[in-house]
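Notes for the one structure printed next.
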Amino acid sequence: MFVLAACGDAEPPPPAEATESPAVPTAAVPVDRHRGLWVLCEGSQRVLENPERIQALLDDARQLGTTDLFVQVYRGGRAWFDSSLADAAPYRALVAATGRDTLAELVERAHAEGLRVHAWVNVFSLAGNTRATLLDDLGRDAVLVDRKGRSILDYPQLDVPPPDRRYYRMGTPAVYLDPGAPGVRERLVAIFAELMQRYPALDGLHLDYIRYPDVLPFVPGSRFGVGLDFGYGAKTRARFEAETGLVAGPDAAPAVANRWDAWRRDQVTAMVSAARAAVLAASPTAQVSAAVWTYADRAYLALGQDWRGWLDAGLLDFAVPMAYTLDDHLLAQIAATFAGLPTHDRIWIGLGSWLFRKNPPRARAQLRIAAGVATGGDALFSWDSIADAPELRAALFAEASDAP
């Protein structure tokens, strides 16, 4: 079994063995189902840098039965849209080369074909961009510090330093911003507000990396005093102390540690809430969604990502749990769990279709598993990987055409 933590980074190779497909569940499936398609800004196709590829994207989206495009426009602190607040070097290079604003053109042409477009943004991850201009403005204090007082900026290859690397690894190595550091939330919200204001035709904002880093192995909260967790920067801890009267630290008593964990989780929720307010202020009909960790308990305890709570509170219009796995039996269990939730109609099951480039029938089988349960729909990762694999592309087209 293999599960990928998040969208938008390098796709690791799947393990050699895979579990065959189980019987497809039979459940009452809503007629109005959605299908999302993630479109990378720095993948193989780079459609935002190559506007002549827009039609190929739209043609494939139609053949795949897509209703919604998640178009990545902000990654590594860099913007593929007109921005004065983010590093818009990719956008400026495009305009200089073509004189065109590809995002605006893509939205217009997608709407003409009945497709919705959501701007996909990587929130707290700066990928491998240790020189992000955002850090020039906010400083090193904006980057997460681990429980041993080490900044991620000082991690070799952005992974856990030795000797700890014998025991812990970053699931997705990257520079991560600290959700609790002064100025971080405000700066990100301003960038996303500018995006929605300048592109009012967008149908929504799609949040990714809206969490703390994933570390292997899983640590269920700081109160156990083991493992590796983040958020221990001096200014962040000072904020916590000022707001609660408590002192956070790796050796805090369990009651304080529980409060510290909840406070850090609240910082991520506050980011979602502020982003939603900014989106609706710019475009009252736009939606806010998020690509989230599949396992809600781990997301809540270890990543500060209370996505089920966000759905319950109406902070998200829908969530897309990334159920990227080679194990179809596990996928069926996950899908059935989602279908049993009160918010099932606002959950779209994210599928790692790229995992089956060498075995396209399995990609079709996973689509049938997702379609066989009562959720809001599914989403495919990613258009780039599908476009690069003709047999996989043909298999997914065939499955979409056979769907009722």
Put in order of increasing Cβ neighbours within 10 Å, starting from the fewest, 58, 195 give 58, 195
For region 142-188, averaging the sequence separation of alpha carbon pairs under 8 Å that lie six or more residues apart and dividing by its residue count, the contact order in percent is 41
Cα-based Rg/(2.2 N^0.38 Å) for the chain, rounded to two decimals, is 0.96
Counting only DSSP beta bridges with both partners in region 53-121, the antiparallel fraction in percent, to the nearest 5, comes to 20
If unit charges are put on Cβ atoms (+1 for Lys and Arg, -1 for Asp and Glu) and the dipole of the chain is taken about its Cα centre, the option from 144, 255, 130 lying farthest towards the positive end turns out to be 255
Neighbour-count ranking for 74, 324, 199 (other C-beta within 10 angstrom, fewest to most) reads 199, 324, 74
Note to self: Kirkwood Rh of region 150-204, Cα pairs, one decimal, Å, is 13.9
Simple spin-label estimate for residue 62/residue 89, 7 Å along Cα→Cβ, in nm, reads 3.8
Taking only the Cα positions of region 149-282, the convex hull volume per residue in Å³ is 120
Candidate cut points under trypsin sites (Lys or Arg not before Pro) in region 101-202, DSSP loop plus at most 15 other Cβ atoms within 10 Å of their own Cβ, are 131, 148
Rounded to 0.05, the calculated FRET efficiency for the beta carbons of residue 112 and residue 402 at R₀ = 41 Å is 0.95
By the Cα gyration tensor axes a ≥ b ≥ c (a/c under 1.5 gives rounded; else a/b larger than b/c gives prolate, otherwise oblate), the shape of region 288-354 is prolate
Packing-ranked peptide list from 362-369, 213-220, highest mean Cβ count within 10 angstrom first, is 362-369, 213-220
Percent antiparallel among DSSP beta bridges confined to the chain, rounded to 5, stands at 20
Exposure-ranked with fewest Cβ neighbours within 10 Å first, 151, 401, 353, 289 stand as 401, 151, 289, 353
Expressed as a whole-number percentage, the relative contact order of the chain with C-alpha contacts under 8 angstrom and at least six residues apart is 22
What one gets for region 221-348 as the Kirkwood radius, inverse of mean 1/r over different Cα pairs in Å, is 16.4
Checking 171, 245, 65 against a Gaussian network model of the chain (alpha-carbon springs below 10 Å), the top fluctuating residue turns out to be 245
Here the relative contact order (percent) of region 312-404, from C-alpha pairs under 8 Å and at least 6 apart, is 29
Checking 178, 251, 146 against a Gaussian network model of the chain (alpha-carbon springs below 10 Å), the top fluctuating residue turns out to be 251
Expected max-MSF residue from 79, 88, 242 in the GNM of the chain (alpha carbon, under 10 Å) is 242
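Each reported figure results from applying straightforward, stated rules to the coordinates on display, with no laboratory input. The structure presented is a predicted model; accordingly, all values stated were derived computationally and were not measured. All Cβ positions, even for glycine, are placed from backbone atoms using ideal geometry, and neighbour counts span all protein chains on display.
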